[in-house]
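Take a look at the structure set out below.
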Amino acid sequence: MIYNYKNKPIDKITQPVQRFIQQEKSGGLLLGISVILALILANIPLSEGYHHLLEQKFGFKWNDRVFFDFTIHHWINDGLMSIFFFVVGLELKREIIGGELSNPRKAILPIIAAVGGMVMPALIFLILNPSGETQKGWGIPMATDIAFALGVLFLLGKKIPLPLKVFLTALAIVDDLGAVLVIAFFYTSNIEMTYLWTGLLILAIMYLGNKMGVRSIFFYAFLGIIGVWTCFVISGVHATIAAVLAAFTIPADVKIKETVFIAKINSYLTIFKNIDPDENTPTLTNDQLHILEEINETTIAATPPLQRLENAMHPIVTFVIIPIFAIANAGVSLDIDFDSLFNTNVAIGVALGLLIGKVLGVVGFTWISVKLKLASLPAGMNNRNLLGLGFLASIGFTMSLFITSLAFSHEEYQTQAKIGIFAASLVGGIIGYMILNKKPK
């Protein structure tokens, strides 16, 4: 019954799932559910098993030598999150080549806003944590979580003009680039130069492959994972940097132009239409299969590998990798000793950095840029919804949690930072929603 092409009950299940995946706000919704699940797991009697599972190790053994003997938590943060950063790299390259960041006049305002939204939170954190080990957390409040922020924005529907959504998206993408640079330059240490140079050499081979017209996904996947990622991990440079650099080597051009593609597809469709079908069976004839294969190959040739990879991997990252990361990293025990929570300024520094620093940076730098006539506001933006976007930018979750794991090895500091992230993100999201949802007079 399931395989009857005229009547497919399974569609009643698959179609709602497909519609959910295609909605912009679905990623933020699933991320929120994952955070709640992590908090539940960390605060029930089985919490010890939850933490114990994440600390289990596995690696690879060869001639009595063990390689990559990492905990599950480490594999998630350095392995799965490398895939996340690879997709971030693909999005960055696409935006720089043909997106919102390709036009300097359009790009200047979100770039300035993003810079302000990174500098001010870091300054506020450093003012409250000027020295010692806690100082290392200055990068935590710099990042905006694009999934959560856009999820809240899309909940508002048509109340928000499209240029504002584009502005926030471009801001968050520049913000991601800033976070990647911060990780590369400030959260990497003890570098083994031999392995680093080897990884860079493989990157150069991937770049040459791009220039020579190599479009095989396998070529870039094999060199990127076996070569670049492995060398960077062993070198001490964080694996996520390897993922972003590898993404920038993926070809973004097409093998055949749009006009040629249209002509070929029309020709194939004409031939397909003129082939006599076999009416005795529901299957296609060999000639029909051959034409469909030609159409498929032509379609692949007309699609940039960068966009094919991004479209294929984006749902995996949004609906698998980010939820797993949240479940592994957001599990904080709520049985908190408030004296120990505030025995440093980590929690308050992260919270104020996100909630005040982000708003001051995004709104303030944007306002100054417009006053100095460096850029103009997007259509439909005014002071009220600019302030609302500033508060949405204070939702710093995925990247902030990730930098927390790099900045602090002390579990107490990690817990304090996570509490600050949760509090600021929740308050910022609610305030941003309320401001943007308010009807103008």
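So here's what we get for this one:
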{"read-out": "Sulfur and carbon atoms: percent of accessible area, segment 150-268 [1.4 Å]", "value": "71"}
{"read-out": "Mean Cβ count within 10 Å, highest first, over the residues of peptides 387-399, 285-297, 221-233", "value": "387-399, 221-233, 285-297"}
{"read-out": "Sequence-distant residues sharing a close amide H with I395 (under 5 Å, placed H)", "value": "D145"}
{"read-out": "Simple Cβ-charge dipole of the chain, Lys/Arg +1 and Asp/Glu -1, about Cα centre, in debye nearest 20", "value": "1800"}
{"read-out": "Distribution of pairwise C-alpha distances over segment 293-398, 5 Å bins, in %", "value": "2, 9, 10, 11, 11, 12, 14, 12, 8, 5, 3, 2, 1, 0"}
{"read-out": "Per-residue [θ]222 nm for the chain (sum of -39500 (n - 2.57) over DSSP H runs n ≥ 4, rounded to 500)", "value": "-20500 deg cm²/dmol"}
{"read-out": "Cα lying deepest toward the dipole's positive end in segment 152-218, options V214, L153, L196, charges on Cβ", "value": "L153"}
{"read-out": "Accessible area of the chain divided out per residue, in Å², using a probe of 1.4 angstrom", "value": "53"}
{"read-out": "Net dipole in debye of segment 97-236 [+1 Lys, Arg Cβ; -1 Asp, Glu Cβ; about Cα centre; nearest 20]", "value": "580"}
{"read-out": "Under 14 Å, Cβ to Cβ, from Q307 - net charge with Lys/Arg +1 and Asp/Glu -1", "value": "0"}
{"read-out": "Efficiency of FRET between I205 and E133 - r from beta-carbon atoms, R0 35 angstrom, step 0.05", "value": "0.30"}
{"read-out": "F342-M313 FRET efficiency (beta carbon distance; Förster radius 41 Å; 0.05 resolution)", "value": "0.50"}
{"read-out": "Kirkwood Rh (inverse of mean 1/r, distinct Cα pairs), segment 357-429, angstrom", "value": "13.8"}
{"read-out": "Whole-Å semi-axes of the ellipsoid equivalent to the chain (Cα gyration tensor, √5λ, descending)", "value": "39, 29, 24"}
{"read-out": "Whole-Å distance, taken between Cα centres, linking segment 304-364 and segment 163-214", "value": "20"}
{"read-out": "Whole-angstrom gap from segment 264-293 to segment 112-159, using each part's C-alpha centre", "value": "55"}
{"read-out": "GNM top mover of H314, H74, H410 - the chain, alpha-carbon springs below 10 Å", "value": "H410"}
{"read-out": "Cross-link table K159/K264; K159/K371; K159/K257; K93/K165; K158/K373, entries beyond 31 Å C-alpha to C-alpha", "value": "K159/K264; K159/K257"}
{"read-out": "Dipole magnitude (debye, nearest 20) for segment 349-441, charges at Cβ of Lys, Arg, Asp, Glu", "value": "680"}
{"read-out": "Summed residue charge, Cβ within 14 Å of I431's Cβ, Lys/Arg positive, Asp/Glu negative", "value": "+3"}
{"read-out": "Segment 243-328 pair-distance distribution - Cα-Cα, 5 Å bins, rounded %", "value": "3, 12, 15, 14, 13, 12, 11, 9, 6, 4, 2, 0"}
{"read-out": "Net charge over other residues, Cβ less than 15 angstrom from the Cβ of D335 (K, R count +1; D, E count -1)", "value": "-4"}
{"read-out": "Spin-label pair T270/L46, simplified geometry with 7 Å Cα→Cβ offset, distance in nm", "value": "6.4"}
{"read-out": "D_trans [Stokes-Einstein, Kirkwood Rh over alpha-carbon pairs] for segment 111-254, 4 °C, 1.567 mPa s, µm² s⁻¹", "value": "74"}
{"read-out": "Share of carbon and sulfur in the accessible heavy-atom surface of segment 29-101 [1.4 Å probe, %]", "value": "67"}
{"read-out": "Prolate/oblate/rounded label for segment 28-98 (Cα gyration tensor, a/c 1.5)", "value": "oblate"}
{"read-out": "The chain: DSSP helices with Cα axial extent of at least 30 Å and average Kyte-Doolittle hydropathy no lower than 0.5", "value": "104-128, 162-186, 411-437"}
{"read-out": "Over 23 Å [Cα-Cα, segment 213-362], rounded percent", "value": "66"}
{"read-out": "Calculated FRET efficiency for the pair T71/R105, C-beta based, R₀ 56 Å, to 0.05", "value": "0.70"}
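The values are calculated or read from the model by the stated rules, or taken from the named source; none is laboratory data. Bear in mind that the values here come from a model prediction, so they are computed numbers and not experimental data. Heads up, the Cβs are rebuilt from the backbone with ideal geometry, glycines too, and the neighbour counts pull from every protein chain shown. Please note that ligands, DNA and RNA were not included when accessible areas were found on the heavy atoms of the full protein model with its side chains. Shrake-Rupley method; radii C 1.70, N 1.55, O 1.52, S 1.80 Å.
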